[in-house]
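A quick write-up on the structure given underneath.
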Amino acid sequence: MASLFPKTLTPIHFLHRTRPRIRTQTHPSKLTSIRAMSSGSGQRVFQLRLDSLTGNSEWVIIDEHDDQSFTEKFRQPLLATTSYLDMLNDSTRNRAYREAIEKTITKPCHVLDIGAGTGLLSMMASRAMGGKGTVTACESYLPMVKLMKKVLRVNGMEGRIKVINKRSDELEVGLDINSRADVLVSEILDSELLGEGLIPTLQHAHDNLLVENPLTVPYRATTYGQLVESTFLWQLHDLPNNEAGARDGIRLNPPGLDSVLGVKRQQYAMYCDPIEGEIKPLSEPFKIFEFDFSKRPESYGETDLCIKATNDGRVHAVISWWVLQLDREGTIYYSTAPRWISSPTNKTGPVDWCDHWKQCVWFVPGCGISIFKGEEIQLLATHDDTKISYNLDSKVPTTDVLHHGLTTGDMQLVLSPERAAIYGDREWRLSMLKTVESVLQGRGDSLCMVADDSVFLPLLVAQLSEAPHIISLLPGLKERGLQYLQAAANANHLPPNCIEILGKRVKQLTTQDTHQKKVDLLIAEPFYLGHDGMLPWQNLRFWEDRTTLDYILSEDALIMPSKGILRACAIYLPDLWKSRCCLSKIEGFDHSVVNDTLGACGHLPEMEEGPCLPFFVWQCGEFEVLSETFDVMEFDFSKPICHCQGKSQVQFTKTGVCHGFVLWIDWVMDLQNSVVISTGPDKRYWKQGVKLLASPRTVGPQESRNVQASCSAVLEALFDPLKGELKITTDFR
């Protein structure tokens with residue numbers, strides 16, 4: 001994300017998790033961390049908790065030597081929405097590393113494990129040396145260090161592996177380690193390959209921590225790409241052309257502001273197999289970069305490729321992946337290629353679905369580039385320390401000069417691809433148009449307040465109002481949102497000064513801010529910056545804000561949306577369920593002690609409930625809906641926020657294996673219930689909440705002759721507004 005996005009969810013004190021296994025679009029209980037030294041000999045990590053309902057945050061402290069404090073402060077799974085659990089459940093990855101380590105480390109030596117996590121690779125290395133030699137496990141994130149020590153203790157490895165709670169570039173020979181290491185084992189790779197700091201980590205290690213010509217596992221990584229045509233991928237970034245046919249008359253990227261609102265020019269991790277039917281390959285796979293771990297890499301590299309088109313079409317994107325060669329001889333591989341790619345680039349063949357490594361998508365600017373079969377096109381690929389970029393010479397300017405002399409870089413708002421697609425979606429915009437037209441009808445000189453971070457609604461209300469007076473709060477966008485809305489209003493020929501941006505917290509507002517007027521319309525999409533990766537009900541912040549603003553609302557004030565409906569359905573989801581299972585033995589090492597902290601869902605002890613997790617369900621591997629969609633409960637925004645609960649009987653429509661339930665919120669925009677914005681699993685621009693079962697259940701319709709099918713289930717939900725939590729329980733009978 002660009003710098004205007006809040007960084008409240010990024011662990012900023014460590015280098016090797018920027019892909020994050022602790023994710024940046026995550027649940028509010030997930031934490032920002034800053035490391036500091038305490039007054040004693042121990043170390044402390046300050047963790048930032050974000051309350052999604054209020055936008056407030058508080059700092060709490062984890063002490064290195066205080067396990068009781070650690071447990072009490074984080075009763076909920078601390079790392080539940082990270083990819084650590086999924087990674088440890090990746091048996092293909094684990095087996096490849098184990099085989100390569102056993103093949104590479106054949107005698108006692110000094111092994112350095114960078115980004116050690118739970119210590120799995122360190123234990124493999126120690127076992128390969130028969131418990132002799134020296135293993136140094138370097139891990140910078142304190143909660144993970146605490147978890148690693150538990151794993152080592154359970155496996156009798158505590159005295160055989162030296163654990164250092166530092167970044168690798170903070171290690172010093174003679175102070176932290178006695179000598180340079182003979183072997184480097186590491187897994188500091190993200191879906192793009194470089195995003196976890198692979199290059200600077202290897203540079204520092206070769207300069208300061210490793211012997212000359214060290215052995216390494218992995219040995220080499222190679223990135224590959226393919227040119228593709230895909231309308232879906234185009235819709236995820238080209239807002240100007242997608243909004244061109246909208247009926248509302250608003251242009252979020254009008255002439256003169258062509259690039260001021262859009263997605264960042266970068267690679268985006270995406271599981272591409274589900275959209276294989278919507279992807280037309282326009283080239284053969286091609287090799288891009290090769291990185292040899294046994295040598296010091298360069299910070300910058302470029303490859304100029306001449307690619308021949310294999311089909312007529314329009315190049316909308318470059319899909320890329322990497323192949324990991326784990327041993328020097330080239331017999332052990334791991335690939336992140338999509339399933340339609342075959343040898344030689346996908347040397348391992350299709351692997352099981354996983355969440356920690358996906359393919360990457362680079363969007364070609366604008367409408368893409370037209371190409372004919374047999375035609376050649378130049379692709380320039382470059383890399384720096386942390387990312388890979390492409391240039392297809394699309395002749396799209398990277399910086400536009402606005403009419404009033406500013407460049408787009410001065411005020412550019414960066415959207416997620418899904419948010420850009422929503423703003424360009426004609427059906428979504430038509431729904432908003434109908435609702436706003438309805439609420440404005442007969443209202444005349446009304447004061448409208450936009451409570452969230454929407455940049456579309458203020459412009460739409462101003463366009464449709466006879467005497468527009470709009471106050472926009474922009475709790476996340478703030479100053480950049482102000483600059484954008486002022487320029488966009490002018491470019492859309494709206495009345496001057498019709499949109500006022502306050503930039504205050506809701507609790508700080510007074511009637512002075514509304515010029516002693518009551519608010520007649522309180523509206524939202526709802527959309528809050530930084531909530532893209534969270535659970536659907538965390539946008540109930542709108543309800544909290546509406547409650548706080550009650551004293552400045554007029555008696556007949558209209559609220560949009562008028563209510564939210566929590567909906568759900570039963571689902572067959574084997575890949576995701578497998579990736580979130582409780583761990584036991586991994587290549588012979590007991591990992592059962594990590595299950596609680598990592599938020600395991602499958603194979604839980606009886607009566608235990610796993611966490612509800614945010615996912616794009618369509619990105620979760622194989623899935624099938626097994627029941628009717630059913631309503632669980634409603635949130636009535638005409639009233640102050642309150643406790644809610646609901647219980648629903650599940651009506652199964654298919655016989656199959658149920659792995660859990662998908663939950664989402666449908667936003668009812670108007671009082672007549674005529675306009676509903678759904679965020680369900682058939683909508684690919686919103687994440688849903690997934691509640692996985694401890695044990696899969698065979699289910700089927702009541703009239704089914706399959707006597708083994710469990711035909712009766714109840715789902716119950718309880719919403720606590722004080723904590724902003726939604727508790728989901730299931731009962732199969």
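No value in this document is a laboratory result; all are computed from the given coordinates. These numbers come from a predicted model, not from an experiment. Don't worry about glycine lacking a Cβ; one is built from the backbone with ideal geometry, like all the others, and counts go over all protein chains shown.
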**Q.** Extended-chain gain in nm, criterion 0.36 nm per residue less alpha-carbon gap, Glu290 and Glu276
**A.** 2.4 nm
Q: Pairs of Cα atoms under 8 Å, at least six residues apart: use those to get the relative contact order of segment 85-218, whole percent.
A: 26
Q: Only Cα pairs under 8 Å and at least 6 apart count here; give the relative contact order of segment 563-732 as a rounded whole percent.
A: 29
**Q.** Translational diffusion coefficient (Stokes-Einstein; Kirkwood radius from C-alpha pairs) of segment 469-572 at 37 °C, 0.692 mPa s, in µm²/s
**A.** 212
Q: Determine the gain in length on full extension of the stretch Gln702-Asn178; use 0.36 nm per residue of separation and subtract their C-alpha separation, reporting nm with one decimal.
A: 181.8 nm
Q: Treat each spin label as a single point 7 Å out from the Cα along the C-beta direction, and report the Lys166 to Asp384 distance in nm.
A: 2.8
Q: Jot down the radius of gyration and Dmax of segment 563-732, Cα atoms only, both in angstrom.
A: 17.0, 60
Q | 18 Å cut-off, amide nitrogen to a point 7 angstrom out along Ser370 Cα→Cβ, residues in segment 264-303 | A | 282
Q. Once fully extended, how much extra length lies between Trp340 and Asp513, figured as 0.36 nm per residue of separation less the alpha-carbon to alpha-carbon distance?
A. 56.5 nm
(Q) Taking 21 Å as the cut-off for C-alpha to C-alpha distance, list the pairs among Lys691/Lys727; Lys150/Lys358; Lys434/Lys518; Lys150/Lys578; Lys146/Lys166 that go past it. (A) Lys150/Lys358; Lys434/Lys518; Lys150/Lys578
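Going by average Cβ density within 10 Å per residue, which order do the peptides 538-550, 475-487, 174-186, 296-308 take, highest to lowest?
Numbers: 538-550: 21.8, 475-487: 19.9, 174-186: 17.6, 296-308: 13.9.
So the order, starting with the most tightly packed, is 538-550, 475-487, 174-186, 296-308.
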Q.
Straight-line reach only, C-alpha to C-alpha below 16 angstrom: list the lysines that Lys563 could link to, leaving out same-chain residues fewer than 8 apart.
A. Lys639
Q: Just grab the label-to-label distance for Asn311 and Thr653, each label 7 Å out from Cα along the Cβ direction, in nm (one decimal).
A: 3.1
Q.
Between segment 598-653 and segment 150-189, what is the separation of their alpha carbon centroids in Å?
A. 41
(Q) Let me make sure I get this right: for segment 85-218, a, b and c are the square roots of the gyration tensor eigenvalues over alpha carbons, sorted descending. Under 1.5 in a/c it's rounded, otherwise prolate if a/b > b/c, else oblate. Which is it? (A) rounded
**Q.** Euclidean distance of C-alpha centroids, segment 91-132 and segment 545-591, integer Å
**A.** 38
Q) Using the beta-carbon distance between Val714 and Asn490 and R0 = 35 Å, what value does 1/(1 + (r/R0)^6) give for FRET efficiency, to the nearest 0.05? A) 0.05
Q.
Modelling each spin label as a point 7 Å along the Cα-to-Cβ direction, I'd like the Glu212/Ser592 distance in nm, to one decimal.
A. 5.0
